[in-house]
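Shown next, in structure tokens, is the structure this report addresses.
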Amino acid sequence: EAAFQVWAKRHNNYYLIYSWSKIMDFSETLQRFKQICKTFPEARKKLIEKKANGPALYSVLHKEISGIELVEPKGGKLSRVIAMEPVLYQGRASLPRDDFPWVTKFIEQAAAFPQGKRDDLVDCASMSLLYFEGGFKKVKK
């Protein structure tokens with residue numbers, strides 16, 4: 001499953017602006033990534049995880065779209081979520097108050113984590129927050 005999120009940072013707080021995931025092939029992933037970049041042109045950093053189709057996606061897009069970084073977070077999904085507990089407990093990460101379907105999907109995945117069938121949105125969120133908090137470096141090409 002490919003997961004995409006758009007986060008905003010203001011001062012020391014983080015806001016989930018958009019979240020989306022779906023099982024799709026490389027071509028669909030490529031088109032969705034481009035669409036999200038056009039929809040949110042103010043997003044300066046675009047992180048691509050160095051797993052599955054990530055390196056190929058980076059290879060195709062890094063010269064076309066500015067701000068793309070190939071990243072490889074350390075540890076597994078559970079350890080990354082645990083690393084973000086201080087941010088969450090301090091209330092520095094927020095979801096929209098509006099009842100968008102993607103907010104419900106994110107909350108359902110988070111509530112079921114780590115035993116849920118899907119966890120890509122939770123993993124995407126923890127990686128984004130880790131990046132903001134300086135928890136990992138970008139990958140050298």
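Values as computed for the structure displayed
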quantity: Gained length - Glu133 relative to Lys34, 0.36 nm times residue gap less alpha-carbon distance; calculated: 33.1 nm
quantity: Sequence-distant residues sharing a close amide H with Val71 (under 5 Å, placed H); calculated: Ile48, Glu49, Lys50, Val139
quantity: Accessible surface, 1.4 Å probe, highest first, among residues Ile82, Ile48; calculated: Ile82, Ile48
quantity: Relative packing of peptides 125-131, 18-24 - highest average C-beta neighbours within 10 Å first; calculated: 125-131, 18-24
quantity: Gained length - Ala8 relative to Ile82, 0.36 nm times residue gap less alpha-carbon distance; calculated: 24.5 nm
quantity: Probe 1.4 Å, protein heavy atoms only - accessible area per residue of the stretch 1-125 in square angstrom; calculated: 61
quantity: Estimated [θ] at 222 nm from DSSP helical runs (n ≥ 4, -39500 (n - 2.57)) normalised by residues in the chain, nearest 500; calculated: -12000 deg cm²/dmol
quantity: Phi-based couplings in Hz for the stretch 64-73 (Karplus 6.51, -1.76, 1.60; Gly and Pro marked x); calculated: 8, 10, 6, x, 6, 10, 8, 10, 9, x
quantity: Protection proxy ranking, peptides 3-13, 87-97, average beta carbon neighbours within 10 Å, highest first; calculated: 3-13, 87-97
quantity: With every protein chain in place, the chain: carbon and sulfur % of accessible area (1.4 Å); calculated: 53
quantity: For the chain, the longest site-free run once GluC sites (Glu not before Pro) in DSSP loop states with at most 16 other Cβ atoms within 10 Å are removed; calculated: 65-132
quantity: Environment charge at Lys117 (Cβ cut-off 11 Å; Lys +1, Arg +1, Asp -1, Glu -1); calculated: -3
quantity: Per-residue ³J(HN,Hα) for the stretch 108-119, Karplus 6.51 cos²θ - 1.76 cosθ + 1.60, θ = phi - 60°, Hz, x for Gly and Pro; calculated: 4, 5, 5, 5, 8, 5, x, 8, x, 5, 10, 9
quantity: For the stretch 1-89, alpha-carbon Rg over 2.2 N^0.38 Å; calculated: 1.14
quantity: 0 to 90° range, to nearest 10: angle between helix 120-132 axis and the chain longest Cα axis; calculated: 90
quantity: Helix 26-39 axis, angle to the chain major axis (alpha carbon atoms, nearest 10°); calculated: 70
quantity: Ala56/Glu108 FRET efficiency (R0 30 Å; Cβ-Cβ; nearest 0.05); calculated: 0.50
quantity: Label zone at Phe100 (point 7 Å along Cα-to-Cβ), backbone N below 13 Å, the stretch 4-29; calculated: 4-8, 15-21
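The values are calculated or read from the model by the stated rules, or taken from the named source; none is laboratory data. Model, not experiment: these values are computed from the prediction. With ideal geometry, Cβ positions are generated from the backbone for all residues, glycine too; neighbour counts draw on all protein chains shown. Quick note on the areas: whole protein, heavy atoms, side chains included, nothing else; ligands and nucleic acids left out. Shrake-Rupley method; radii C 1.70, N 1.55, O 1.52, S 1.80 Å.
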